[in-house]
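Visitor: Provided herewith is a single structure, encoded as structure tokens, for subsequent inquiry.
The values are calculated or read from the model by the stated rules, or taken from the named source; none is laboratory data. If you're wondering where the values come from, they're calculated on a predicted model, not measured in any experiment. Positions of Cβ are generated from backbone atoms using ideal geometry, with glycine treated the same way; all protein chains shown enter the neighbour counts. Ligands, DNA and RNA are stripped out before the accessible areas are found, and what is left, the full protein with its side chains, is counted by its heavy atoms. Shrake-Rupley method; radii C 1.70, N 1.55, O 1.52, S 1.80 Å.
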Amino acid sequence: QVQLVESGGGLVQAGGSLSLSCAASGRTFSSYAMGWFRQAPGKEREFVAAISRDGVSRYYAGSVKGRFTISRDNAKNTNYLQMKSLKPEDTAVYYCAATTKAVSTTPHTYDFWGQGTQVTVSS
């Protein structure tokens with residue numbers, strides 16, 4: 001089992017930046033591939049970014065590539081999502097997720113989820 005707690009969300013103007021953190025507790029953090037997903041009102045949860053257990057492999061949704069960066073610090077049991085050049089369409093609840101399987105862009109492959117943090121980008 002692993003418990004995930006996101007932080008760092010908030011309100012930002014278009015073009016601004018935010019950094020999200022996901023603190024993990026429980027089983028060894030380095031055992032998990034990590035992902036970030038988001039869900040806007042009335043929309044399905046969608047993939048944002050994912051990172052392998054060792055941090056070598058990283059994947060991004062096309063809509064955020066070049067603007068968002070996923071990273072992890074296994075010594076600190078923390079996963080990060082740095083977001084820049086934010087757009088109003090980035091507004092959503094952002095969720096951190098962990099899987100014991102190989103890194104994936106598909107929500108259903110993730111076993112554990114955080115409670116989410118709201119990101120709101122004003123125009």
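Visitor: Would you pick out the residues in region 55-64 that are open to solvent by 90 Å² or more (accessible area, probe 1.4 Å) and out of contact with any strand residue (DSSP E or B) (no Cβ under 9 Å at 6 or more places or on another chain)?
Guide: Selection gives Val56 alone.
Visitor: Among the residues of region 17-34, count how many are on the phi < 0 side of the Ramachandran plot and either of a type in the set (Lys, Arg) or open to solvent by 20 Å² or more (accessible area, probe 1.4 Å) (or both).
Guide: Qualifying residue count for the region: 10.
Visitor: Please enumerate the residues belonging to region 84-107 that are among the polar types (S, T, N, Q) and within 14 Å of Val2 (Cβ to Cβ).
Guide: Correct list: Thr99, Thr100.
For (1) open to solvent by 80 Å² or more (accessible area, probe 1.4 Å); (2) in contact with a strand residue (DSSP E or B) (Cβ under 8 Å, 6 or more places away or on another chain); (3) of a type in the set (Ser, Thr, Tyr), each residue gets a yes or a no:
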{"residue": "Glu44", "(1), (2), (3)": "yes, no, no"}
{"residue": "Thr69", "(1), (2), (3)": "no, yes, yes"}
{"residue": "Asn74", "(1), (2), (3)": "no, no, no"}
{"residue": "Met83", "(1), (2), (3)": "no, yes, no"}
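Visitor: Let me ask something else. Please verify whether Phe37 is modelled with pLDDT of 95 or more, in contact with an Asp or Glu (Cβ under 8 Å, 6 or more places away or on another chain) and either part of a strand (DSSP E or B) or open to solvent by less than 30 Å² (accessible area, probe 1.4 Å) (or both), treating the condition exactly as stated.
Guide: yes
Visitor: Moving to a separate point now. Would a scan of region 99-112 turn up a residue that is open to solvent by less than 10 Å² (accessible area, probe 1.4 Å), in contact (Cβ under 8 Å) with a residue 24 or more places away in the chain, more than 21 Å from Lys65 (Cα to Cα) and in a strand (DSSP E or B)?
Guide: Yes - at least one qualifying residue is present in region 99-112.
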